[in-house]
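The values are calculated or read from the model by the stated rules, or taken from the named source; none is laboratory data. Every value quoted in this text rests on a predicted model; they were computed, and no experiment measured them. All Cβ positions, glycine included, derive from the backbone under ideal geometry; neighbour counts span all protein chains shown. Side chains included, ligands, DNA and RNA excluded: accessible areas come from the protein's heavy atoms. Shrake-Rupley method; radii C 1.70, N 1.55, O 1.52, S 1.80 Å.
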Amino acid sequence: MKLFVDTANVKEIETLAALGILDGVTTNPSLLAKESGDYRQILKQMCQLVQGPVSAEVVATDTEGMLREGRDLASIDEHIVIKVPFTRDGVRACKTLSSEGQRVNVTLIFSAAQAWLAAKVGAAYVSPFVGRLDDIGTTGMNLIREIVEIFDNAEFPTEVLVASIRGPIHLIESARIGADVVTAPPAVIDQCFKHPLTDSGLARFLKDWEQAQAAKTA
Ligand code: G3P
């Protein structure tokens, strides 16, 4: 399973990319709105840092506008993946952009039927939002199970990109189910590094080593 980071902050991407764990980036208008500076430059920097897929979302709501914005976003860098919302206009835009050879990420997926329709029009990725489903009292991961099963049965090449991740359990469950990609906020990736037994284990190794060195030189 690939790991993308869900952020528009270049510093965060730089830090994670340096660890060698990042396969790509996803952004959305809410995330980009938090950053200052020219969004085209921000996206370009991200592409240079990760050298992998960087999803950039259109804000137009009509097909023509999505096509215009999508083509413009794609011209920024070869790593850009055009993100469109799952609407009728988004589905039409996905069909056209995919047939032009662009990779499209269809976002705001909340049902298996939506994912299936997006795959039918050539989406490279579908982004089901598990956290937001959990937020309304349903089990988001059930949707991932359904989509993975459907895509396997249909042999769709579309990748299941699990989004709206709230913690490491979402990440691990996605990997167990067989999702292709998880996009996690930096804070969730941070949580994956933390374990009290790792910290105490390392402290003990170092203490034992120091004591042994001190005994040898005494
Ligand atoms: O990028 C889309 C998605 O990951 C949003 O997550 O936390 O706003 O539900 P969230």
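Points worth noting:
- Residues in segment 115-140 that are among the hydrophobic types (A, V, I, L, M, F, W, C) and either open to solvent by 10 Å² or more (accessible area, probe 1.4 Å) or not in a strand (DSSP E or B) (or both): A115, W116, L117, A118, A119, V121, A123, A124, F129, V130, L133, I136.
- The lone criterion from (1) surrounded by fewer than 19 Cβ atoms within 10 Å (Cβ to Cβ); (2) within 12 Å of the ligand (Cβ to nearest atom) left unmet by Q191 is number (2).
- Residue count for segment 46-57, restricted to those that are within 12 Å of the ligand (Cβ to nearest atom) and open to solvent by 20 Å² or more (accessible area, probe 1.4 Å): 1.
- Residue within segment 75-89 that is without any contact (Cβ under 8 Å) to a residue 40 or more places away in the chain, in a helix (DSSP H, G or I) and farther than 23 Å from V10 by Cα present: yes
- Which listed residue is away from the ligand (no atom under 16 Å from the Cβ), of a type in the set (S, T, Y), closer than 17 Å to N105 by Cα and surrounded by 17 or more Cβ atoms within 10 Å (Cβ to Cβ), from T27, T63: T63
- Scanning segment 161-177 for residues that are within 14 Å of the ligand (Cβ to nearest atom) and either closer than 10 Å to M1 by Cα or open to solvent by 90 Å² or more (accessible area, probe 1.4 Å) (or both) yields L161, R166, L171, S174.
- Exclusive hit being within 16 Å of the ligand (Cβ to nearest atom) and open to solvent by 30 Å² or more (accessible area, probe 1.4 Å), set L43, L32: L32
- Within segment 12-24, considering residues that are within 16 Å of the ligand (Cβ to nearest atom) and open to solvent by 50 Å² or more (accessible area, probe 1.4 Å), the one nearest to the chain's Cα centre (by Cα): D23
- Residue match in segment 14-29 (condition: touching a Pro at 6+ places or on another chain (Cβ under 6 Å) and within 21 Å of A163 (Cα to Cα)): yes
- Top-ranked residue in segment 142-160 [being buried (at least 23 other Cβ atoms within 10 Å of the Cβ) and within 16 Å of the ligand (Cβ to nearest atom); ranked as nearest to L31 (Cα to Cα)]: V160
- Among the residues of this structure, F86 counts as one that is open to solvent by 30 Å² or more (accessible area, probe 1.4 Å) and within 16 Å of the ligand (Cβ to nearest atom).
- The test for being open to solvent by 40 Å² or more (accessible area, probe 1.4 Å), acidic (D, E) and within 18 Å of I21 (Cα to Cα) does not hold for D208.
- Complete set of residues in segment 92-114 that are under 20 Å from the mean Cα position of the chain (by Cα) and either part of a helix (DSSP H, G or I) or in contact (Cβ under 8 Å) with a residue 60 or more places away in the chain (or both): C94, S98, N105, T107, A112, Q114
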